[in-house]
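Comments concern the structure below.
Coordinate-derived values only; no laboratory data. The structure presented is a predicted model; accordingly, all values stated were derived computationally and were not measured. No Cβ is skipped: glycine too gets one built from the backbone with ideal geometry, and neighbour counts run over all protein chains shown.
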Amino acid sequence: RKVVALVPAAGRGLRMGTKTPKQFLGLGGVPLLVHSLRVFEASRVITEVILAVPAEDRDYCRDEIVARHRFSKVRRIVAGGKQRQDSVRHALAEVEPDAELVLVHDAVRPFVTEDMIARVTDAADRHGGAIIAIPSRDTLKQVGPDHIIERTVDRAPLWQAQTPQAFRRSVLQKAHDHAVIKGYVGTDEADLVERIGVPVVVVEGSGENIKITRPEDLIIGEAILAERTR
Ligand code: C5P
């Protein structure tokens with residue numbers, strides 16, 4: 001069974017406030033992206049990885065990330081696009097038609113596990129689409145423009161979406177084609193798939209599967225890494 005992982009790593013990381021895009025910043029001495037790619041390389045369900053990176057960083061990624069770390073599953077490196085959704089679409093265009101399932105995983109979530117990959121892939125195989133998510137933990141308030149709380153939202157049905165997100169290839173392709181036609185930009189892949197009416201299920205992830213977005217996330221990331229390698 002062909003299961004292809006698309007890894008969008010073409011952001012500029014403006015919220016991080018560094019010149020280097022965050023996916024190339026060091027965590028435990030190696031670029032963030034390397035941590036995510038190691039897990040996909042080791043995964044028994046993944047057969048191929050397609051990486052989307054900034055056009056100007058393709059050579060660096062080929063030599064310093066993929067060749068240096070011997071990521072044998074990364075067979076294609078494509079140039080990303082303006083928005084994350086464009087980067088995913090460029091990678092998706094490289095997937096061969098005989099691939100059954102496609103996973104999308106943000107390069108900047110270095111704590112994904114092989115177990116998450118296996119569980120989300122199985123769920124997508126059964127339902128058409130599945131994402132890793134966690135139940136919302138904090139009390140949620142709906143707030144008006146004047147900063148006055150309008151109500152407390154029932155958090156029981158609310159989950160926070162993470163990646164990986166997995167889909168049958170045909171489903172994700174149709175969802176992206178539909179988004180292009182409608183000129184719609186979604187916040188994640190599930191958003192696009194929900195819009196074509198295909199059910200997407202949640203598979204419980206972990207609070208450690210954080211997205212490295214702001215400088216403080218790197219501090220938390222180093223702590224998680226230290227705990228795991230102890
Ligand atoms: O900016 P954000 O945290 O949402 O980025 C999530 C992932 O999408 C990151 O791995 C980032 O590199 C990637 N991305 C991309 N192309 C863009 C913007 C973001 O591949 N144009």
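Is it the case that the range 77-95 has a residue that's without any contact (Cβ under 8 Å) to a residue 40 or more places away in the chain, of a type outside the set (S, T, N, Q), more than 22 Å from residue 209 (Cα to Cα) and touching a Leu at 6+ places or on another chain (Cβ under 6 Å)?
Yes; the residues of the range 77-95 include at least one that is without any contact (Cβ under 8 Å) to a residue 40 or more places away in the chain, of a type outside the set (S, T, N, Q), more than 22 Å from residue 209 (Cα to Cα) and touching a Leu at 6+ places or on another chain (Cβ under 6 Å).
Mind listing just one residue for me: the one in the range 75-121 that is farther than 13 Å from residue 11 by Cβ and of a type in the set (Asp, Glu) and, of those, farthest from the chain's Cα centre (by Cα)?
This residue is 98.
Can you pull out every residue in the range 119-148 that is among the aliphatic types (A, V, I, L, M), surrounded by 11 or more Cβ atoms within 10 Å (Cβ to Cβ) and more than 30 Å from residue 1 (Cα to Cα)?
Hits for the range 119-148 are 140, 143.
Is it true that residue 24 is among the aromatic types (Phe, Trp, Tyr) and closer than 24 Å to residue 203 by Cα?
Judged against the criteria, residue 24 is not a match.
Can you tell me which residue in the range 54-74 is farthest from the ligand (Cβ to nearest atom), limited to those that are under 25 Å from residue 169 (Cα atoms) and out of contact with any strand residue (DSSP E or B) (no Cβ under 6 Å at 6 or more places or on another chain)?
That would be 72.
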